[in-house]
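In what follows, a structure is listed as structure tokens, so that the remarks can point back to it.
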Amino acid sequence: GDVGKIVDGKYSVLVTLKAGINPITVGDDGSIWIGELADGGSITRVDPDGTTEVVATGIPVINAFALDAQGRILAPAGGLQAGEVGGTIIRIDPADGSITTVADGLPPVLASAADPDGNYLALANVSGQILAVDPEAGTFEVLHTVTDGAPFDNIDVAPDGTIYLSSF
């Protein structure tokens, strides 16, 4: 799988990693975080110059993730992408590669994002529920339920707090 970038309207491949890469986010320092959509996958940090470092391995199936204020990855794990019924949120610490379950018992979740205030949101893609997840307390609540357009694939939040969803 290629990690590419567009600069001045021109696309180029920054680095080629193994096949199966999918979730991607960019940190405040410009580091690019790439995960694999595979059970037993890894998280790779890619510097803007293309230097890579695998920071965690043995990751369960994850999809679209976000970074918390400490630079740790929060990701929906399992769920429909792994053929499971329920949803779980995990935290991956790039400093030591540790993987911690921070919330479970969610509906199947497929994607996540952080809002401008640093709140973590997860998308239950089939039901259209947008969940506010508190990773420290291990709790979640339904913020919105959107049925028109479901099933959804991904979520992101603009700087003004507008939530965007994509569907298949």
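The values are calculated or read from the model by the stated rules, or taken from the named source; none is laboratory data. Since the model is a prediction, treat every value here as computed from it, not as a measurement. A quick note on method: Cβ atoms are made from the backbone with ideal geometry, for glycine too, and the neighbour counts reach across all protein chains shown. The area values use the complete protein model at the heavy-atom level, side chains included, leaving out ligands, DNA and RNA. Shrake-Rupley method; radii C 1.70, N 1.55, O 1.52, S 1.80 Å.
For the stretch 146-159, filtering for residues that are open to solvent by 60 Å² or more (accessible area, probe 1.4 Å) and either at pLDDT 95 or above or under 14 Å from residue 65 (Cα atoms) (or both) leaves 1. When residue 83 is tested against the conditions (1) at pLDDT 90 or above; (2) more than 19 Å from residue 133 (Cα to Cα), the lone failure is (1). In this structure, residue 43 does satisfy being under 25 Å from residue 120 (Cβ atoms) and assigned to a strand (DSSP E or B).
Within the stretch 68-78, is even one residue outside any loop (DSSP other than H, G, I, E, B), farther than 20 Å from residue 139 by Cα and touching a residue at least 40 places away in the same chain (Cβ under 8 Å)? Can you show your working first?
So in the stretch 68-78, the residues outside any loop (DSSP other than H, G, I, E, B) come out as 73-78.
Narrowing further to those that are farther than 20 Å from residue 139 by Cα: none.
So far as the stretch 68-78 goes, no, none of its residues is outside any loop (DSSP other than H, G, I, E, B), farther than 20 Å from residue 139 by Cα and touching a residue at least 40 places away in the same chain (Cβ under 8 Å).
Beta carbons closer than 7 Å, at least 6 apart along the sequence or on distinct chains, never pair a first residue in the stretch 55-66 that is in contact (Cβ under 8 Å) with a residue 40 or more places away in the chain and farther than 16 Å from residue 156 by Cβ with a second that is β-branched (Val, Ile, Thr) and not in a strand (DSSP E or B). Tell me whether the stretch 127-138 contains one or more residues that are under 20 Å from residue 22 (Cα atoms), modelled with pLDDT under 90 and touching a strand residue (DSSP E or B) at 6+ places or on another chain (Cβ under 8 Å). Checked the stretch 127-138: no residue is under 20 Å from residue 22 (Cα atoms), modelled with pLDDT under 90 and touching a strand residue (DSSP E or B) at 6+ places or on another chain (Cβ under 8 Å).
Every condition in (1) modelled with pLDDT of 90 or more; (2) within 16 Å of the chain's Cα centre (by Cα); (3) farther than 22 Å from residue 156 by Cα is met by residue 92 except one, and the failing one is (3). In the stretch 8-50, the qualifying residues are those that are among the aliphatic types (A, V, I, L, M) and open to solvent by 80 Å² or more (accessible area, probe 1.4 Å), and the one that is nearest to residue 99 (Cα to Cα) is 24.
Condition first: among the hydroxyl-bearing types (Ser, Thr, Tyr), at pLDDT 90 or above and within 18 Å of residue 113 (Cβ to Cβ). Can you find one or more residues in the stretch 36-58 that meet it? Checked the stretch 36-58: no residue is among the hydroxyl-bearing types (Ser, Thr, Tyr), at pLDDT 90 or above and within 18 Å of residue 113 (Cβ to Cβ).
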